[in-house]
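In what follows, a single structure is set out as structure tokens and then discussed.
Each value in this text was obtained by applying a stated rule to the coordinates, not by laboratory testing. Source: prediction; values computed, not measured. Positions of Cβ are backbone-derived with ideal geometry, glycine not excepted, and every protein chain shown enters the neighbour counts.
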Amino acid sequence: MKNKEIARIFDRIADALEFQGANRFRVVAYRKAARILDDLTEDVSVLAQANKLESLPGIGHAIATKIAEYLSTGTVKKYEEVKKEIPGTLLDLLDIQNLGPKTLALAYKELGVESLKDLKQVIKTGRLEELPQMGKQKVDNIRKGIVLYERAHERLSIAAAEEIAHELIAYLKKETRIKHISAAGSLRRWKETIGDIDILATGPNSRTIITVFTQFPNAERVLAAGTTKSSILVRGGVQVDLRIVNAGSYGAALQYFTGSKAHNIRLRNIAKSKGLKLSEYGVFRGKKQIAGRNERDVYKILGLIYVPPEIREDRGEVELALKNKLPKLVEHRSIRGDLHMHSTYSDSEATIAELATAADAHGYEYILITDHSQSVTYAHGLEPKRLYAQWKEIDRLNKKLRTPHILKGVEVDIRRDGTLDYPDAILKECDFVVAAIHQGFKHKVTERMCRAMQNPYVDIIAHPTGRLISSREGYHIDLHRVMEVAAKTGTWLEINAYWDRLDLNDTNARAAHEQGVSISIGTDAHDIKGIQWMKFGVATARRAWLASKDVVNTYTLKKLRAARKVNRKK
DNA sequence: GCCGTTTTCGGCCCGACTGTTTTCAGTCG
Ligand SMILES: Nc1nc2c(ncn2[C@H]2C[C@H](O)[C@@H](COP(=O)(O)OP(=O)(O)OP(=O)(O)O)O2)c(=O)[nH]1
Ligand SMILES: [Mg+2]
Ligand SMILES: [Mg+2]
Ligand SMILES: [Zn+2]
């Protein structure tokens with residue numbers, strides 16, 4: 001699938017056009033097209049073949065032609081041209097904060113800046129500051145940008161971001177008289193990775209709040225501290241932005257600061273079409289504020305039903321909210337159990353008893369123990385003898401403990417040859433069977449997975465793409481084919497809730513559901529703490545627009561058993 | 001470059017901060 005690489009090309013074309021001083025709305029058009037392609041789960045070449053590219057909002061004739069060109073020739077002429085005109089890595093410098101395309105172009109033309117080294121040089125000699133429209137403060141800000149750029153890191157995992165934000169919010173609540181405080185930005189939307197942590201607050205003395213904020217024990221460095229906003233770097237160079245607003249604007253500010261940017265723009269356009277104006281200060285009719293204290297009122301007054309933060313991505317939610325047709329998203333409290341957990345029998349630190357006790361504290365009705373199968377030797381996969389011993393222990397525990405009900409499962413390996421790592425005679429005895437690929441990532445994965453789904457005892461395919469957010473692309477796979485077969489066979493596809501997997505991701509889980517596939521969420525817990533990853537799984541399900549009925553973990557155990565393909569009438 | 005229950009040209013989100021701006025441009029969130 002070439003979706004992502006084409007998206008990247010359009011983003012680079014946008015950079016180049018900006019650098020060359022092209023019309024900024026043309027630039028916006030390329031960036032929008034890039035975002036559309038990035039969000040698209042369908043293979044762009046399939047759409048191109050069916051002549052449907054231009055039906056995507058934001059993709060018109062010119063861009064559709066460029067997509068087709070790339071698909072047939074492997075290059076886009078326009079992109080090759082601009083690459084020739086602009087020195088190799090010059091545009092990479094646009095990642096430096098406060099250094100934009102105009103300044104970079106000027107520095108290139110007037111001062112011959114072509115690299116980071118050149119840039120530092122002209123800052124040192126003061127020649128950058130002498131350029132028109134430049135000044136001491138601006139150059140200073142670019143210098144700070146370079147410092148951040150040089151210690152640039154990957155986007156943060158949602159788990160790490162959540163932990164830092166949680167700590168910081170608790171600290172501010174304790175040390176100041178804050179009235180309202182909330183995470184905002186991508187964190188409040190539960191995106192799988194977080195660029196920076198955004199926090200919004202309101203309280204009696206904004207100056208004090210900001211001072212206390214900058215004195216956070218884990219703060220490594222204060223980047224900015226004014227009266228209404230401040231930024232710090234916490235351990236590891238993670239940036240946290242705090243914004244303080246008046247209580248009367250808190251709702252509108254939360255709406256603004258939660259984003260996404262594309263969602264905000266849609267909302268502001270709707271306001272405009274109604275003769276209103278939306279900003280972080282409120283909804284205005286002329287000079288009069290008619291909403292702003294409360295976030296829900298902002299949506300209401302614009303004629304939209306409330307849009308949960310998780311789906312504010314301009315992926316169709318605005319249109320549906322206008323028609324009051326948004327699905328009622330699944331909630332964490334509706335989850336009755338965890339359907340993917342490991343015990344000390346394979347490679348986990350937690351015993352079955354410990355998992356059960358922890359799950360009980362979560363109020364779960366059931367948990368499914370799914371240790372690795374025999375050929376996954378690196379994870380102590382269970383040969384049948386140990387599996388039977390495990391089942392005996394589960395029987396004992398179920399007698400002893402009232403809740404949760406411990407279910408016998410396995411995470412059976414789909415072997416290189418496409419067969420399963422246990423015979424049907426064993427799978428048949430399980431309460432539920434999870435199957436997954438653990439080796440041969442590039443070897444006929446689609447075929448092997450589809451074959452596994454044909455097995456009547458296989459209920460769930462775990463981590464269907466095999467990606468690791470921080471480090472691994474995943475399998476070579478035709479996911480749409482997998483979804484098709486999952487729907488046909490009644491196999492559930494997993495949202496693996498582990499924060500470095502989140503697999504299926506939001507857009508793919510949404511596509512799976514649209515193809516009629518049920519989703520199961522599993523934490524893949526390898527210790528007690530792992531049980532807590534469920535929140536990321538639920539958030540991903542919400543980002544996939546799923547309702548309770550679409551997620552099998554919301555079923556009672558009785559209903560869950562009845563929903564298995566072996567128990568369903570043909 | 002895209003788009004149209006204000007349609008095929010003329011708009012395209014809105015505000016804060018900075019600079020040397022005399023009415024606006026660049027950068028960012
Ligand atoms: N209206 C409007 N809002 C914006 C714009 N840029 C950013 N915002 C709002 C929406 C964002 O979610 C919010 C925080 O900005 P960030 O740059 O931190 O983005 P966000 O947190 O969404 O993603 P991130 O993970 O930090 O990259 O500010 C903009 O150009 N216009
Ligand atoms: Mg952010
Ligand atoms: Mg931010
Ligand atoms: Zn597992």
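Here, region A:186-290 is characterised by an Rg to Rh ratio of 1.03, where Rg is the alpha-carbon radius of gyration and Rh the Kirkwood radius.
Counted by Cβ distance under 14 Å from residue A:319, the other residues give a net charge of +2, where Lys and Arg count +1 and Asp and Glu count -1. Sorting A:4-14, A:161-171, A:123-133 by average packing, meaning the other beta carbons within 10 Å per residue, from highest down gives A:4-14, A:161-171, A:123-133. Sorted on the mean count of surrounding Cβ atoms within 10 Å across their residues, most packed first, peptides A:291-300, A:394-403 read A:291-300, A:394-403.
Here each label is just a point 7 Å from Cα along the line to Cβ, and for residue A:120 and residue A:52 those points are 5.1 nm apart. Can you list which of the trypsin sites (Lys or Arg not before Pro) found in region A:165-270 are DSSP loop residues with at most 16 other C-beta atoms within 10 Å? Sites meeting the loop and neighbour criteria: A:177, A:179. Temperature 20 °C, viscosity 1.002 mPa s: under these conditions the Stokes-Einstein estimate for region A:332-562, based on its Kirkwood radius over C-alpha pairs, is 125 µm² per second. Entry note, region A:21-70: relative contact order of 34 percent, from Cα contacts under 8 Å with a spacing of 6+ residues. For the set A:138/A:229; A:428/A:558; A:288/A:323; A:32/A:83; A:174/A:277, the pairs lying more than 25 angstrom apart at their alpha carbons are A:288/A:323; A:174/A:277.
Relative intensity of region A:249-322 on a log10 scale, I(q)/I(0) at q = 0.11, 0.21 Å⁻¹, equals -0.21, -0.80, per a Debye sum over C-alpha point scatterers of equal strength in the absence of solvent.
In region A:367-443 the Cα-Cα distances spread across 10 Å bins starting at 0 as 19, 49, 25, 6, 1 percent of all pairs. Contact order, relative form, for region A:249-322: 35 percent (alpha carbon pairs under 8 Å, 6 or more residues apart, mean separation divided by residue count).
Can you list, bin by bin at 5 Å, the percent of alpha carbon pairs in region A:3-152, starting at 0? Taking every Cα pair in region A:3-152, the percentages come to 2, 9, 18, 19, 15, 13, 10, 8, 5, 3, 1, 0. For chain A, the Cα gyration tensor yields ellipsoid semi-axes of 44, 30, 25 Å (square root of five times each eigenvalue, largest first, whole Å). Using every pair of separate Cα atoms, the Kirkwood estimate puts the hydrodynamic radius of region A:156-244 at 12.7 angstrom.
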